[in-house]
Amino acid sequence: MGSGVKPASFRVHSLLELYEILPEDQRLIVDVLRQIIKGNLPAYCKEKISYNVPFFFGKKGICIVWPAAIPRGGIKKGVLLGFWYGCRLKDTSGYLTHGTNKQIFYKIYQSADEINESAIVKLLKEAVALDKSWK
């Protein structure tokens with residue numbers, strides 16, 4: 001079971017390591033979000049551990065999944081799904097929160113039940129179209 005917050009010097013090297021340290025509720029949310037993201041990104045897009053969390057990129061960053069248990073994410077509880085270039089997405093349904101970061105727009109989930117797959121898929125499609133437009 002996850003032991004919660006780790007010191008800022010802690011380095012996560014794999015998804016297995018990440019899942020081992022996350023509390024059960026955050027592990028479930030991260031897993032559901034990762035499955036949605038991986039199932040809707042084209043083959044050229046990749047996932048890596050960056051900033052100790054799952055980071056998805058194509059030509060540039062697409063999105064990041066940041067559990068509260070990992071330091072420096074700026075959230076106290078839940079799991080943040082951040083779109084790297086959220087400021088450039090139309091987000092016509094207003095699903096994402098526009099916080100203090102001018103570039104990354106996000107949604108924070110407290111439980112897996114809150115995850116709106118269709119809203120995420122719509123945003124992923126828009127983010128991928130943007131990614132494909134980069135030179």
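The values are calculated or read from the model by the stated rules, or taken from the named source; none is laboratory data. Keep in mind the model is a prediction, meaning the values are calculated, not measured. Counting neighbours? That spans all protein chains shown, and the Cβs are built from the backbone with ideal geometry, glycine included.
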> Among the residues of the range 81-96, which ones are out of contact with any Cys (no Cβ under 8 Å at 6 or more places or on another chain) and surrounded by 14 or more Cβ atoms within 10 Å (Cβ to Cβ)?
Replying inline: Tyr85, Gly86, Cys87, Arg88, Leu89, Asp91, Tyr95, Leu96
> Among the residues of the range 80-135, how many are assigned to a helix (DSSP H, G or I) and free of Cβ contacts under 8 Å to residues at least 12 places away in the same chain?
Replying inline: 5
> When you go through (1) without any contact (Cβ under 8 Å) to a residue 40 or more places away in the chain; (2) farther than 29 Å from His13 by Cβ one by one for Asp31, which number turns out not to apply?
Replying inline: (2)
>> Going by what's in this entry, would Arg72 be described as out of contact with any helix residue (DSSP H, G or I) (no Cβ under 7 Å at 6 or more places or on another chain), more than 27 Å from Leu130 (Cβ to Cβ), among the basic types (Lys, Arg) and in a loop (DSSP other than H, G, I, E, B)?
In response: no
> Only one residue in Ile62, Ile37 is over 21 Å from Ser111 (Cβ atoms), surrounded by 15 or more Cβ atoms within 10 Å (Cβ to Cβ) and in contact with a Phe, Trp or Tyr (Cβ under 6 Å, 6 or more places away or on another chain). Which one?
Replying inline: Ile62
> Which is surrounded by 13 or more Cβ atoms within 10 Å (Cβ to Cβ) and either at pLDDT below 95 or farther than 21 Å from Lys107 by Cα (or both), of Glu47, Glu20?
Replying inline: Glu20
> Quick one: which of Ile64, Ile37 is outside any loop (DSSP other than H, G, I, E, B) and touching a residue at least 60 places away in the same chain (Cβ under 8 Å)?
Replying inline: Ile37
> Do you know which residues across the range 108-122 are under 17 Å from Trp66 (Cα atoms) and of a type in the set (A, V, I, L, M)?
Replying inline: Ile108, Ala112, Ile115, Ile120
